[in-house]
1. List pairs: first in segment 1-30 and part of a loop (DSSP other than H, G, I, E, B), second modelled with pLDDT under 75, Cβ under 7 Å, 6+ apart or cross-chain?
2. Give the number of residues within segment 30-89 that are aliphatic (A, V, I, L, M), modelled with pLDDT of 90 or more and in contact with a Phe, Trp or Tyr (Cβ under 9 Å, 6 or more places away or on another chain).
3. Can you give me the number of residues within segment 21-56 that are of a type in the set (S, T, N, Q), exposed (fewer than 11 other Cβ atoms within 10 Å of the Cβ) and farther than 14 Å from residue 68 by Cα?
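The values are calculated or read from the model by the stated rules, or taken from the named source; none is laboratory data. Note that this is a predicted model, so its numbers are computed, not measured. Positions of Cβ are backbone-derived with ideal geometry, glycine not excepted, and every protein chain shown enters the neighbour counts.
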Amino acid sequence: MYHLIVDDQGRFLRPRPIATEWEIYRAQINPDHVRRELDAQIEKFYHEFGYYPDALDSHNIFTVDPVAEIAMERAQQLNTDNVSLSLCR
């Protein structure tokens, strides 16, 4: 068995990172920034339509801690149980 150190174009292969992209991303999340952004989006919705949303959809991001917890808190404040959490891997 041969172990390649270059790709098909002759460039050296890079070692795989120890942490996954999602692990790096999670470590950089500031909960206060998440709260402010989600609140701003909810308020923008209110100003555009005249009522608060009756559902929150994650588009894959609510499954990342602490985003999921914050989204659930906001959903409770909006009196909605309709929160779509997508599995993100």
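1. If the second residue must be modelled with pLDDT under 75, the pairs left are 13/4; 13/5; 29/64.
2. Residues meeting the conditions: 1.
3. Within segment 21-56, the first condition is being of a type in the set (S, T, N, Q), and the residues that meet it are 28, 30, 41.
Restricting the remaining residues to those that are exposed (fewer than 11 other Cβ atoms within 10 Å of the Cβ) gives 28, 30.
Imposing the further condition that a residue be farther than 14 Å from residue 68 by Cα reduces the set to 28.
Of the residues in that region, 1 qualify.
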